[in-house]
Each structure stands twice: as structure tokens, then as C-alpha cells.
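J.: Dropping a structure here in C-alpha cells format, bear with me for questions.
The values are calculated or read from the model by the stated rules, or taken from the named source; none is laboratory data. Quantities reported herein were computed from a predicted structural model and do not represent experimental measurements. Neighbour counts are summed over all protein chains in view; Cβ atoms, including those assigned to glycine, are modelled from backbone coordinates with ideal geometry. Note: areas computed on protein heavy atoms with side chains; ligands, DNA, RNA excluded. Shrake-Rupley method; radii C 1.70, N 1.55, O 1.52, S 1.80 Å.
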Amino acid sequence: MKITRVKAHPMTMPLDKVYWTSRAPWGTYNTIVVTVETDEGVTGLGFINKTPLKDIADIVDALEPVIKGMDALATEAVWNRIFNLTVPHVEPGKTVATRPVYDQNKRVFIMAALAGIDLAMWDIKGKALNIPMWRLLGSDTREVFAYASGGYYEEGRSPLAVIDEMAGYAAQGYTAVKMKCGGLSIEGDLERISGVRKAIGDKALLMIDANGAYTLRDAERAIKTFEPCNIFWFEEPLHWYDATRGLGKLAACTTVPIASGESEIHSNVVRDQIDLGGIRYVQWDCTRAGGLTEGLRIAAYALAHGVQIAYHHDPQVHGPLMAAQSHGFCVESFPSIPRDPFWHHVLTKKPELAAGKVTMTDDPGFGVEVDWKMVQKYRI
């Protein structure tokens, strides 16, 4: 089975309002659907949860001649061929590179493009073997634990609106919820967090996500302030430039577990966060960099070091991977239809999401299909 075509389908969907994390606003849902076609008529679907859309989509399309004709089941071989584009390379006996050459600042885009292609190839594997991804990866269960993610700072709404939102997820049957922090003063966020804790009760798990909002000193003060609210994990607390050793120092001063990894682009960084950063939950995102092949490597390293897996975003991709990991803890989900229109309106076939659980189907591969009319409508 040979690869015959690779195509990116970038799309952007307007949201109902502008949502804020601690560091950035956005009013659109942006994603890239990737298709990889084969000479046997099997087409794989992959997804890229990364921007800028045009830059990444252009690289996806440009990679077609790089991997065209390769074995569509040879995920490691294809992965390595694409990954090698991120480093200088000269063919034996030649003095110049005989392949596409990208500037060093394109590495993030290449790793994102690789993610979409790799996921599509894994989808091809499942479809070629006619088995669902959760079984292909070795799981005996189709159901995984999911938490409700939300709690953004929303344009035109009080920061305390998060209290009713999180209470609403708990009423839907979710036993774990996640909200944003770092967008207000520590005291302002304490009012939000303590209000949510009171609203969801003592038994529900409460995660907080800072999206890299704090210096180490401020993060230490923040988590000491939030600890009485029984925080389950403190996610991505530190500025990008101190997100490894700084995490280790932070982890040493709190009983709250540290979660991180979603913003990284290679397994070596996650390795260092486990070794030096003291993280207890790895949040790698297979749709942002490296795909499922890299996600499996990270899962193996985490298992060997007693760290749990809690993949970020896209439960249609991460649900099967989570189900196959003995140290897999949970997947992230977005019950809010306005916040995640792609899941609710574009994926026409997907796992079931309800009451804090993702239940996968017996359909082969990732078991998902997209509404191509919707993709075309919101294509950029």
C-alpha cells in the first residue's frame, strides 16, 4: 500500500464570543484536517491543532513529494524522513542537500505538519486491518475518563461566571473540571477558584490551568494561595523560558501535582520535564507535534518513570491512545458547543462524550468522519 496524495484542509470557525486564557484572546476555532490517500483506496484522516494555519498547511502539501510512494503502513520510516527536515543534512557523496530545506524557525511548523500526516497514517493502519484504534494499540476497553475543560475569561462576562459554568459541568455528571487562572491578580483568581470549589463540592477534581502565566516566584505564591481549595493539578504554571528546571523548583514547594507538556514539540523536552521538572501528569498533544508515533514514545518514558498520562485536547485522537496505557489517567473534553464547534458540528462520526466519559466505537481507525461541506464552508 503506497502513499499517493497528501492534502491539508485548513479551516477557521467563528466562536460566539472572544475567549481569553492568561496570555491570549481568540474568537475563532482553528484546525487543519489532513488527508493521506493510498493506491489501494484507503484514505486516512489526521488533525492539526496548531497555528498559523496557512504556514503549516503549505508545509503539509509540500511534503507530498517527500513521502509519495512510501509504504503507507511504515509510520516510523515516514516519521523519520519528515523529522530529518528539521536538521541540516547532506546526502552521502554530495555537497548540497538533495531535499526540501527549511529555515530553523520552521521547525515548529514541520513538527505540526508531521503530526497531521502521522495521525492520518495510523488511521490508515486501522482501516487497512479493519479494527478500531483502541484495539490496534492494545486496549481491551473502549471507555476512558474525561474531564470538562473550560473556565475561560470571556469577553463581556464577569470573571465569576466561571462558577456557574463549572457547576453546570458537574450537574452533567463530570467528576473533574478544569478552569483557567493567571488572567487576574492572584487574589482575583482566588475568588473564582474558591467559588468553583464551593459550587462543585469537595469530591470533584478541580484542575487549574495558567497557560504559562507566572514567574517562578509568582507561581509559588499563587499555588500556596490556591492550595486550600484542594487543587488536583496546577497546569503549565511558568513562563515558557523556565518551563523545565523551574517546574522542578515549583514542584518541590507544593503538594499540588504539576501538569505540563502540551506546548512542547519533541519527546526530549518532555523527558527533561519528567526528569528535572517534577511533573506528575504529561499532557502531550499528538495533534500539535509529532503525532501518535511520538505520543507512544512519550507514554513509554512516562511509564518507566512513574508519571501518568493526560493527553491534551482532541479526544477523538487521544481517547484510543489513553485507553491503551496502563498509566493513562484522563482525556480533555469540551462539553461547551460554542467553545468547540469542530467536535460538535464538523465531526459527523466520533466517540460518544457524556457524563465524564469518552466511549469509542468499533469503526476502524480513529472511527471519525468529517462533514466535508462544513470543511469547505470554513476553509481558509
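J.: Under 21 Å between alpha carbons, and skipping anything fewer than 8 positions from Lys249 in its own chain: which lysines qualify?
T.: Filter leaves Lys224.
J.: Add -39500 (n - 2.57) for each DSSP H run of 4 or more in the chain, then divide by its residues: what number comes out at 222 nm, to the nearest 500 deg cm²/dmol?
T.: Numbers: 13 runs with 134 residues, N = 380.
Theoretical 222 nm ellipticity from helices: -10500 deg cm²/dmol.
J.: Over segment 263-380, what relative contact order in percent results from Cα pairs under 8 Å that are six or more residues apart? Before the final figure, lay out each step's value.
T.: Working: 154 pairs, mean separation 21.0, N = 118.
That works out to 18 percent.
J.: Using a cut-off of 13 Å between alpha-carbon atoms, which aspartates and glutamates can reach Lys349, once sequence neighbours fewer than 8 places away in the same chain are excluded?
T.: In chain and number order, the partners are Asp362, Asp363, Glu369, Asp371.
J.: Pull up all non-local amide H partners of Glu235: gap of 5 or more, or a different chain, and H-to-H distance under 5 Å with H placed in the peptide plane.
T.: Excluding prolines and chain starts, which carry no amide H, the hits are Ile208, Asp209, Ala210, Ala259.
J.: Quick one: which residues, 5 or more positions from Val370 or on another chain, have an amide H under 5 Å from its amide H? H modelled 1.01 Å from N in the peptide plane, none for Pro or chain starts.
T.: Thr348
J.: Taking H as built 1.01 Å from N, whose amide H comes closer than 5 Å to the amide H of Tyr153, not counting residues under 5 places away?
T.: The answer is Trp20.
J.: Going by the alpha-carbon gyration tensor, a ≥ b ≥ c the square roots of its eigenvalues, is segment 108-149 rounded (a/c under 1.5) or, if a/c is not under 1.5, prolate (a/b greater than b/c) versus oblate?
T.: Numbers: a/c = 3.42, a/b = 1.20, b/c = 2.84.
In terms of gyration-tensor shape, oblate.
J.: Given a Förster distance of 25 Å, report the FRET efficiency between Leu129 and Glu369 from their Cβ-Cβ distance, rounded to the nearest 0.05.
T.: Values: r = 18 Å, r/R0 = 0.73.
Efficiency computed from Cβ-Cβ geometry: 0.85.
J.: Something else now. What is segment 4-58's relative contact order, in percent, from Cα pairs under 8 angstrom and six or more apart in sequence? Numbers along the way, then the final one.
T.: Values: 94 pairs, mean separation 20.4, N = 55.
37 percent.
J.: If you place +1 on the Cβ of every Lys and Arg, -1 on the Cβ of every Asp and Glu, and leave all else neutral, what size is the dipole of the chain about its Cα centre, to the nearest 20 Debye?
T.: Working: 40 positive and 45 negative charges, 50 e Å.
Charge dipole of the chain: 240 debye, to the nearest 20.
J.: Another one. Would you work out the relative contact order for the chain, in percent, from Cα pairs under 8 angstrom that are 6 or more residues apart?
T.: Working: 847 pairs, mean separation 74.7, N = 380.
Value for the chain: 20 percent.
J.: From the phi angles alone, apply the Karplus equation (6.51, -1.76, 1.60; θ = phi - 60°) to segment 162-171 and give each ³J(HN,Hα) in whole Hz, x where the residue is Gly or Pro.
T.: 4, 5, 5, 4, 5, 5, x, 5, 4, 5
J.: Take the residue pairs Lys7/Lys377; Lys178/Lys203; Lys17/Lys198; Lys125/Lys373 and return only those whose Cα atoms are more than 19 Å apart. Before the final figure, lay out each step's value.
T.: Numbers: Lys7/Lys377 17 Å; Lys178/Lys203 14 Å; Lys17/Lys198 27 Å; Lys125/Lys373 26 Å.
As for pairs spanning more than 19 Å Cα to Cα, those are Lys17/Lys198; Lys125/Lys373.
J.: Sticking with this structure for a sec: Dipole of the chain (Lys/Arg Cβ +1, Asp/Glu Cβ -1, origin at the Cα centre): which of Gly319, Ile163, Ala204 lies farthest to the positive side?
T.: Final value for the positive-end residue is Gly319.
J.: Moving to a separate point now. How many nm is it between the label spots at Asn80 and Ser194, if each spot is 7 Å from the Cα in line with the beta carbon?
T.: Here the answer is 5.7 nm between the modelled labels.
J.: With just the Cα atoms defining each centre, how far is segment 119-146 from segment 65-80? Give it in Å.
T.: Computed from Cα coordinates, the inter-centre distance equals 20 Å.
J.: Take every DSSP beta bridge with both residues inside the chain and express the antiparallel ones as a percent of the total, to the nearest 5.
T.: Details: 31 of 53 bridges.
Of all bridge pairs located within the chain, approximately 60 percent are antiparallel.
J.: Which residue, chosen from Ile186, Gln273, Gln283, occupies the Cα position most advanced towards the positive end of the dipole of the chain, where the dipole is computed from +1 (Lys, Arg) and -1 (Asp, Glu) charges on Cβ about the Cα centre?
T.: Sorting the options by dipole projection puts first Gln273.
J.: Also: ³J(HN,Hα) across segment 8-14 via Karplus (A = 6.51, B = -1.76, C = 1.60, θ = phi - 60°), whole Hz, x for Gly/Pro?
T.: 9, 10, x, 8, 9, 10, x
J.: Another question about this same structure. At a 1.4 Å probe radius, carbon and sulfur cover how many percent of the accessible area of the chain? Provide the component values of the computation, followed by the final result.
T.: Working: 7890 of 15370 Å².
After summing per-atom areas, the C and S share lands at 51 percent.
J.: Also, I was wondering about something else. So what does Thr4 come to for accessible area, using a 1.4 Å probe and Å² rounded to 10?
T.: 50 Å²
J.: Quick one: accessible surface of Phe109, probe radius 1.4 Å, all protein chains present, in square angstrom to the nearest 10.
T.: 30 Å²
J.: In whole Hz and in residue order, list the ³J(HN,Hα) couplings for segment 229-240 that follow from phi through the Karplus curve 6.51 cos²θ - 1.76 cosθ + 1.60, θ = phi - 60°; x for Gly and Pro.
T.: Along segment 229-240, the couplings run 7, 6, 7, 7, 8, 10, 9, 6, x, 9, 3, 4 Hz.
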